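The values are calculated or read from the model by the stated rules, or taken from the named source; none is laboratory data. Just so it is clear, the model here is predicted, and its values are computed rather than measured. Here the Cβ positions follow ideal geometry from the backbone for every residue, glycine too, while neighbour counts run over all protein chains shown.
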Amino acid sequence: MSGPAKSKIEIKNVKVYIHKKDPLTNSRIMHIDIESPELNEIIKDGEATYCAGKQGGVFIGLKKEMIKKAEKFVMKKDKK
(Lines give C-alpha, C1' and ligand atoms only; values in the text may rest on other atoms or scores of the structure.)
Protein backbone atom coordinates (compact mmCIF):
# COMPACT_ATOMS: atom_id res chain seq x y z
CA MET A 1 0.00 0.00 0.00
CA SER A 2 1.31 3.44 -0.91
CA GLY A 3 0.56 6.64 0.98
CA PRO A 4 -0.31 7.38 4.60
CA ALA A 5 -2.17 4.94 6.86
CA LYS A 6 -2.93 4.67 10.59
CA SER A 7 -0.48 1.78 10.84
CA LYS A 8 2.39 3.77 9.25
CA ILE A 9 4.86 6.10 10.99
CA GLU A 10 6.42 8.67 8.68
CA ILE A 11 10.18 9.11 8.98
CA LYS A 12 11.04 12.74 8.38
CA ASN A 13 14.30 14.13 6.98
CA VAL A 14 15.21 11.07 4.90
CA LYS A 15 17.59 11.75 2.04
CA VAL A 16 17.47 9.49 -1.02
CA TYR A 17 20.11 9.58 -3.75
CA ILE A 18 20.87 7.71 -6.95
CA HIS A 19 24.62 7.25 -6.45
CA LYS A 20 26.50 6.96 -9.72
CA LYS A 21 29.73 5.04 -10.15
CA ASP A 22 32.38 7.42 -8.82
CA PRO A 23 36.02 6.74 -7.94
CA LEU A 24 36.13 9.86 -5.69
CA THR A 25 33.51 8.35 -3.35
CA ASN A 26 34.70 4.77 -3.91
CA SER A 27 31.33 3.89 -5.50
CA ARG A 28 31.99 0.97 -7.85
CA ILE A 29 28.43 0.46 -9.11
CA MET A 30 25.34 2.64 -9.42
CA HIS A 31 23.01 2.17 -6.44
CA ILE A 32 20.43 3.95 -4.30
CA ASP A 33 21.39 5.47 -0.95
CA ILE A 34 18.69 6.06 1.66
CA GLU A 35 20.20 8.12 4.45
CA SER A 36 18.55 8.63 7.85
CA PRO A 37 19.87 8.42 11.43
CA GLU A 38 16.48 6.98 12.42
CA LEU A 39 16.79 4.14 9.92
CA ASN A 40 20.24 3.39 11.36
CA GLU A 41 18.51 2.67 14.69
CA ILE A 42 16.85 -0.28 12.92
CA ILE A 43 19.37 -1.35 10.27
CA LYS A 44 22.93 -0.96 11.57
CA ASP A 45 25.97 -0.21 9.43
CA GLY A 46 26.99 -3.35 7.53
CA GLU A 47 23.74 -5.28 8.12
CA ALA A 48 22.04 -6.67 5.01
CA THR A 49 18.34 -7.15 4.37
CA TYR A 50 15.89 -7.64 1.50
CA CYS A 51 14.47 -4.95 -0.79
CA ALA A 52 11.91 -5.29 -3.57
CA GLY A 53 9.95 -2.96 -5.79
CA LYS A 54 6.28 -2.36 -5.08
CA GLN A 55 3.59 -0.21 -6.61
CA GLY A 56 4.44 3.36 -5.57
CA GLY A 57 7.97 2.70 -4.29
CA VAL A 58 10.05 0.01 -2.62
CA PHE A 59 9.61 -2.43 0.26
CA ILE A 60 12.48 -3.12 2.68
CA GLY A 61 12.01 -6.37 4.58
CA LEU A 62 13.44 -6.66 8.09
CA LYS A 63 15.14 -9.64 9.73
CA LYS A 64 14.02 -10.74 13.21
CA GLU A 65 16.65 -8.73 15.08
CA MET A 66 15.82 -5.66 12.98
CA ILE A 67 12.12 -6.09 13.75
CA LYS A 68 12.92 -5.97 17.48
CA LYS A 69 14.81 -2.70 16.96
CA ALA A 70 11.94 -1.36 14.82
CA GLU A 71 9.43 -2.24 17.57
CA LYS A 72 11.50 -0.24 20.10
CA PHE A 73 11.67 2.65 17.63
CA VAL A 74 7.88 2.58 17.13
CA MET A 75 7.20 2.47 20.88
CA LYS A 76 9.44 5.53 21.32
CA LYS A 77 7.59 7.36 18.51
CA ASP A 78 4.13 6.37 19.85
CA LYS A 79 4.95 7.93 23.24
CA LYS A 80 5.48 11.35 21.63
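When the range 47-80 is examined, which residues are found to be among the aliphatic types (A, V, I, L, M) and touching a residue at least 40 places away in the same chain (Cβ under 8 Å)?
In the first step, residues of the range 47-80 are kept if they are among the aliphatic types (A, V, I, L, M); the result is 48, 52, 58, 60, 62, 66-67, 70, 74-75.
Across the range 47-80, the qualifying residue is only V74.
Residue check: is T49 among the hydroxyl-bearing types (S, T, Y) and at pLDDT 95 or above? Explain how you work it out, then say what you get.
Details: among the hydroxyl-bearing types (S, T, Y): yes; at pLDDT 95 or above: yes.
Taking the combined requirement at face value, the residue satisfies it.
Residues in the range 6-22 that are of a type outside the set (V, I, T) and farther than 18 Å from K80 by Cα: how many?
Taking the range 6-22 first, the residues of a type outside the set (V, I, T) are 6-8, 10, 12-13, 15, 17, 19-22.
Add one more test, that the residue is farther than 18 Å from K80 by Cα, and what stays is 15, 17, 19-22.
So the answer is 6.
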Q: Report, ordered by the first and then the second residue, all pairs with beta carbons closer than 7 Å, sequence separation of six or more or different chains, a first member in the range 9-23 that is under 20 Å from I42 (Cα atoms), and a second member that is among the polar types (S, T, N, Q).
A: I11/S36; N13/S36; V14/S36
